[in-house]
Amino acid sequence: MDIESFKDIENEFSELFSQLSNIQSTIREKLTSHADGKTLKGNELVGWLGEVYGKYLFNGYLVDDSFEHDVETQDGLRISVKTRKGTGKGWNRTSAIPKIEGDDCPTHLLFVHLNDSYLVDKMWLYPWGELFEADRFKKHIVRGNMRSYFIQVNEKTDSKFLIFG
């Protein structure tokens, strides 16, 4: 693992991320008045940051969206990266995981938690097989239909998977 590489990138953008966080809050507040009561969710920047940090952390490379994983390494790791920002309800639940079994599944799941200023708070690296064997993948049911899977990070019991923070 190369902690220094991803920390260098994080430090390079730290001041800009702070400015962006303030601007984004203002934009979200203003847009909410035009959202007809809909809760504005999501932030693509968060996912992009997690993938780039994972790439540098593991000296890997990003792969096309047609794969079940996001990062590949020279030594064969296939890492799916899930990133959340902030401390609101649901920060510790991954976004959709479409597939959990098969030869093309990731070897690992990297969960990146960013603080409100887009800086890394903590990171967990889970071996995919351990998640599967421990029945950690939960079905995401929407209107009675199974859409995907997710896992929930548990800060107390997942300390053995914590790699940063």
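The values are calculated or read from the model by the stated rules, or taken from the named source; none is laboratory data. Computed from a prediction, not measured in an experiment: that's the story for all the values here. Here the Cβ is made from the backbone with ideal geometry for all residues, glycine too, and neighbour counts use every protein chain on show. Each accessible area value is taken on the protein alone, full model and side chains, heavy atoms only, with ligands, DNA and RNA left out. Shrake-Rupley method; radii C 1.70, N 1.55, O 1.52, S 1.80 Å.
Scan the range 134-165 for residues that are touching a residue at least 12 places away in the same chain (Cβ under 8 Å), small (Gly, Ala, Ser) and either crowded, with 17+ Cβ neighbours inside 10 Å or out of contact with any Lys or Arg (no Cβ under 6 Å at 6 or more places or on another chain) (or both) and the total you get is 1. Is it the case that some residue within the range 116-133 is of a type outside the set (A, V, I, L, M, F, W, C), closer than 23 Å to residue 76 by Cα and open to solvent by less than 30 Å² (accessible area, probe 1.4 Å)? Yes - at least one qualifying residue is present in the range 116-133.
For residue 2, the conditions (1) crowded, with 17+ Cβ neighbours inside 10 Å; (2) closer than 20 Å to residue 165 by Cα; (3) touching a helix residue (DSSP H, G or I) at 6+ places or on another chain (Cβ under 9 Å) are fulfilled apart from (1). Would you confirm whether any residue within the range 77-93 is open to solvent by 10 Å² or more (accessible area, probe 1.4 Å), more than 12 Å from the chain's Cα centre (by Cα) and touching a residue at least 60 places away in the same chain (Cβ under 8 Å)? So far as the range 77-93 goes, no, none of its residues is open to solvent by 10 Å² or more (accessible area, probe 1.4 Å), more than 12 Å from the chain's Cα centre (by Cα) and touching a residue at least 60 places away in the same chain (Cβ under 8 Å). Considered as a group, the residues in the range 53-65 that are in contact (Cβ under 8 Å) with a residue 24 or more places away in the chain and assigned to a helix (DSSP H, G or I) include one that is nearest to residue 2 (Cα to Cα), and that residue is 57. Kindly evaluate residue 68 against the criterion of being outside any helix (DSSP H, G or I) and of a type in the set (D, E, K, R). Taking the combined requirement at face value, the residue satisfies it. For the range 25-74, which positions are modelled with pLDDT under 85, farther than 24 Å from residue 117 by Cα and open to solvent by 70 Å² or more (accessible area, probe 1.4 Å)? 34, 36, 37, 38, 64, 65 - these are the residues of the range 25-74 that are modelled with pLDDT under 85, farther than 24 Å from residue 117 by Cα and open to solvent by 70 Å² or more (accessible area, probe 1.4 Å).
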